[in-house]
Amino acid sequence: NAGVMQNPRHLVRRRGQEARLRCSPMKGHSHVYWYRQLPEEGLKFMVYLQKENIIDESGMPKERFSAEFPKEGPSILRIQQVVRGDSAAYFCASSPGRSGRVGPANEKLFFGSGTQLSVL
Amino acid sequence: SQKIEQNSEALNIQEGKTATLTCNYTNYSPAYLQWYRQDPGRGPVFLLLIRENEKEKRKERLKVTFDTTLKQSLFHITASQPADSATYLCARPPGNNDMRFGAGTRLTVKP
C-alpha cells in the first residue's frame, strides 16, 4: 500500500505567483489534514477536509489560502499571490475516518513527506 | 487557551542511557495523547497512543506515561541508540477536529 503521497517535493515560486500543493491520501482514507511547519517550529494545523467538504479551516489564513478535496483526485492546497512569509514545509496527513463521524477520535495520522515551498 | 508544550527544545544523551521527554498540557483534559517521531525532511511517524485511563504503555524500547494530575505525559526511550536521534512530537486530540502538536524535542544520542 502506498503511503500518503505529496507532490511536488520542492516548489519554488516568485512573489505574486500561485502555489498548488497536492496530496493523495492513503488508499481507503477519507480524511485529509494540512499542516505547515517552519524551521525549528512545530506543526501548525491549517485545515481538515473530508471528501468534498471542508470540516475545519480555523488554522488557515483568511486570504490567499484555499483547500479542496474533490470526490475524485488529490487534495489541493492553493496559495495565491505568494509572499516570502509563505516559505515553509507543508505536510499533509490522512486518516481512515469513520462513516458519519468527524474528527480523529483515537485515529493516528499518516503523514506524507511534505512539500517544501520556497518563495523568492 | 488550550496548550500543549514540550519543555525541552533539545536533549543530548549518551548511547545506552534512557532518554526522557516531557509533554505538558494546560486548560484542557485530553482523552488521549499521541507521540510521533520526525526525521529531517520527512513527515512525522506515529509511535504510540496513550489514553487518559492508562497510566503507562510500552512498545519495545519505548514507554509512555500519562499523569492526569500533573497534566503531563513522559516519553522514555531505554537503551538509546544513535538511530533514535530525531525530533519527537506529542500531540493531543482537538477541541474540534484536528490534532494539535507540540513544538517537539530534538533528541541527539551520541555514540
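The values are calculated or read from the model by the stated rules, or taken from the named source; none is laboratory data. Quick caveat, the model's predicted, so the values are computed rather than measured. Cβ atoms come from the backbone with ideal geometry, glycine included; neighbour counts cover every protein chain shown.
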Subject >> Condition broken by B:Arg106, with the remaining ones in (1) within 14 Å of chain A (Cβ to nearest Cβ); (2) more than 16 Å from B:Leu11 (Cβ to Cβ); (3) surrounded by fewer than 20 Cβ atoms within 10 Å (Cβ to Cβ) satisfied >> reply: (2)
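Of all residues in the range B:11-33, how many are in a strand (DSSP E or B), among the aliphatic types (A, V, I, L, M) and within 10 Å of chain A (Cβ to nearest Cβ)? Walk me through it before giving the result.
Initial filter on the range B:11-33 (in a strand (DSSP E or B)): B:11-14, B:19-26, B:32-33.
Pick out the ones that are also among the aliphatic types (A, V, I, L, M) and you get B:11, B:13, B:19, B:21, B:33.
Now narrow it down to the ones that are within 10 Å of chain A (Cβ to nearest Cβ): none.
Selection size over the range B:11-33: 0.
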Original post:
Which pairs do you get when a residue that is of a type in the set (Ser, Thr, Tyr), found in the range A:107-120, comes within reach of a residue that is surrounded by fewer than 21 Cβ atoms within 10 Å (Cβ to Cβ) and assigned to a loop (DSSP other than H, G, I, E, B), reach meaning Cβ atoms under 7 angstrom, with the pair 6+ apart or on two chains?
Top reply: A:Ser113/A:Arg9; A:Ser113/B:Arg42; A:Thr115/A:Pro8; A:Thr115/A:Arg9; A:Ser118/A:Ser87
**OP:** Of all residues in the range B:1-21, count the ones that are hydroxyl-bearing (Ser, Thr, Tyr), closer than 23 Å to B:Ala79 by Cβ and either at pLDDT below 95 or exposed (fewer than 14 other Cβ atoms within 10 Å of the Cβ) (or both).
**Re:** 2
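I want to confirm something. Restricting to the range A:77-92 and keeping residues that are among the hydrophobic types (A, V, I, L, M, F, W, C) and either within 14 Å of chain B (Cβ to nearest Cβ) or surrounded by 16 or more Cβ atoms within 10 Å (Cβ to Cβ) (or both), which single residue is farthest from A:Gly28 (Cα to Cα)? Talk me through it step by step, then tell me what you get.
Kept after step one, since they are among the hydrophobic types (A, V, I, L, M, F, W, C), are these residues of the range A:77-92: A:77, A:79, A:82-83, A:88-89, A:91-92.
Subsequent filtering for residues that are either within 14 Å of chain B (Cβ to nearest Cβ) or surrounded by 16 or more Cβ atoms within 10 Å (Cβ to Cβ) (or both) retains A:77, A:79, A:82, A:88-89, A:91-92.
Values: A:Leu77: 20, A:Ile79: 27, A:Val82: 33, A:Ala88: 28, A:Ala89: 25, A:Phe91: 19, A:Cys92: 16 Å.
Per the criteria, the residue is A:Val82.
Looking only at the range B:48-60, decide whether some residue is more than 14 Å from chain A (Cβ to nearest Cβ) and either closer than 25 Å to A:His31 by Cα or in a strand (DSSP E or B) (or both). Even if it seems obvious, please write down each step before you answer.
Restricting attention to the range B:48-60, the residues satisfying the condition of being more than 14 Å from chain A (Cβ to nearest Cβ) are B:55-56, B:58, B:60.
Add one more test, that the residue is either closer than 25 Å to A:His31 by Cα or in a strand (DSSP E or B) (or both), and what stays is B:56, B:58.
Yes; the residues of the range B:48-60 include at least one that is more than 14 Å from chain A (Cβ to nearest Cβ) and either closer than 25 Å to A:His31 by Cα or in a strand (DSSP E or B) (or both).
Taking the condition of being among the acidic types (Asp, Glu) and either surrounded by 14 or more Cβ atoms within 10 Å (Cβ to Cβ) or within 10 Å of chain B (Cβ to nearest Cβ) (or both), how many residues in the range A:37-55 meet it? Walk me through how you get there before you give the answer.
First, pick out the residues of the range A:37-55 that are among the acidic types (Asp, Glu): A:40-41, A:52.
Subsequent filtering for residues that are either surrounded by 14 or more Cβ atoms within 10 Å (Cβ to Cβ) or within 10 Å of chain B (Cβ to nearest Cβ) (or both) retains A:40-41.
The total comes to 2.
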**OP:** Test B:Phe75 against the criterion of being surrounded by 20 or more Cβ atoms within 10 Å (Cβ to Cβ), free of Cβ contacts under 8 Å to residues at least 60 places away in the same chain and not small (Gly, Ala, Ser), and give yes or no.
**Re:** yes
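Within the range B:34-46, restricting attention to residues that are part of a strand (DSSP E or B) and free of Cβ contacts under 8 Å to residues at least 24 places away in the same chain, which residue is nearest to the other protein chains (Cβ to nearest Cβ)? Spell out how you get there, then give the answer.
Filtering the range B:34-46 down to residues part of a strand (DSSP E or B) leaves B:34-38, B:45-46.
Now restrict to residues that are free of Cβ contacts under 8 Å to residues at least 24 places away in the same chain: B:45-46.
Values: B:Val45: 7, B:Phe46: 4 Å.
Among those that are part of a strand (DSSP E or B) and free of Cβ contacts under 8 Å to residues at least 24 places away in the same chain, it is B:Phe46.
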Original post:
Do you know which of the residues in the range A:43-80 that are of a type in the set (Val, Ile, Thr) and modelled with pLDDT of 95 or more is farthest from the chain's Cα centre (by Cα)?
Top reply: A:Ile79
Original post:
surrounded by fewer than 19 Cβ atoms within 10 Å (Cβ to Cβ), away from chain B (no Cβ under 14 Å) and acidic (Asp, Glu): does that describe A:Glu72?
Top reply: yes
